[in-house]
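Enquirer: First the structure, then my questions, so here it is.
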Amino acid sequence: MPKIEDVFKDVLIGSALKSALVFADFLSANEIIQTGQHEMHYKGKCACYIDTSKEHHSWTVWTEGDYSSECEDFPIDEHTKKTAWANVMKCGNCHGVDCSPGKTKIIFGKEFANICNADNVNMTFAFVNPDAETLECMKKLILMRKHIIINHRFGSPQRERYIVSPN
């Protein structure tokens, strides 16, 4: 399986490649590792999925997790919420998948209808070719996911290591 950085270099060009490589560095700096063709995990739990399209020179990141509310101890600012809301993953009536119609979901206190309802996934956002502002939103959401994994799924809290912009 090729490393995600190598896939990015093979598929993307220009600013999309630059943003994707910044994102790959962010994942690596935060100990989020590639465990499959598309899956990125932290401590055995999915943090996000990444896909690319060579035909369109594009990349997409789907975040994993429940965003019905904020973590009490990991606040999300209004600007990040608005950017996230603009990238909510709507039901696509996927071919060959019996999950239609989408569901209604509360995301950071705001109600959305027709959200992806696929079985065994909890992907709320789909970020396609994110610009710098959207990339910062993705990072915050993934850090929130990491925080949840550390503090709510593994017994006693562990020391957190968050790096928003690796050098």
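The values are calculated or read from the model by the stated rules, or taken from the named source; none is laboratory data. Note that the structure is predicted; figures quoted are calculated from it, not measured. Cβ sites come from the backbone with ideal geometry, for glycine too, and all protein chains shown count toward neighbours.
Enquirer: Among the residues of the range 32-46, is there at least one that is over 26 Å from ILE106 (Cβ atoms) and among the hydroxyl-bearing types (Ser, Thr, Tyr)?
Expert: Yes - at least one qualifying residue is present in the range 32-46.
Enquirer: For the range 115-132, which positions are surrounded by fewer than 17 Cβ atoms within 10 Å (Cβ to Cβ) and at pLDDT 80 or above?
Expert: Passing the criteria: VAL128, ASP131, ALA132.
Enquirer: Return a yes/no flag: does the range 14-35 have any residue that is without any contact (Cβ under 8 Å) to a residue 12 or more places away in the chain and among the hydrophobic types (A, V, I, L, M, F, W, C).
Expert: Taking every residue of the range 14-35 in turn, at least one turns out to be without any contact (Cβ under 8 Å) to a residue 12 or more places away in the chain and among the hydrophobic types (A, V, I, L, M, F, W, C).
Enquirer: Right, next: Within the range 14-30, which residues are among the charged types (D, E, K, R) and within 15 Å of the chain's Cα centre (by Cα)?
Expert: ASP25 - this is the single residue of the range 14-30 that is among the charged types (D, E, K, R) and within 15 Å of the chain's Cα centre (by Cα).
Enquirer: Name the single residue that is farthest from PHE8 (Cα to Cα) among those in the range 42-101 being touching a Lys or Arg at 6+ places or on another chain (Cβ under 9 Å), small (Gly, Ala, Ser) and at pLDDT 90 or above.
Expert: ALA84
Enquirer: If you scan the range 28-58, which residues turn out to be surrounded by 14 or more Cβ atoms within 10 Å (Cβ to Cβ), of a type outside the set (Ser, Thr, Tyr) and closer than 17 Å to ALA126 by Cβ?
Expert: HIS38, GLU39, MET40, CYS46, ALA47, CYS48, ILE50, ASP51
Enquirer: Tell me which residues, restricted to the range 1-13, are over 19 Å from the mean Cα position of the chain (by Cα) and either in contact (Cβ under 8 Å) with a residue 24 or more places away in the chain or not in a helix (DSSP H, G or I) (or both).
Expert: Passing the criteria: MET1, PRO2, ASP10, VAL11, ILE13.
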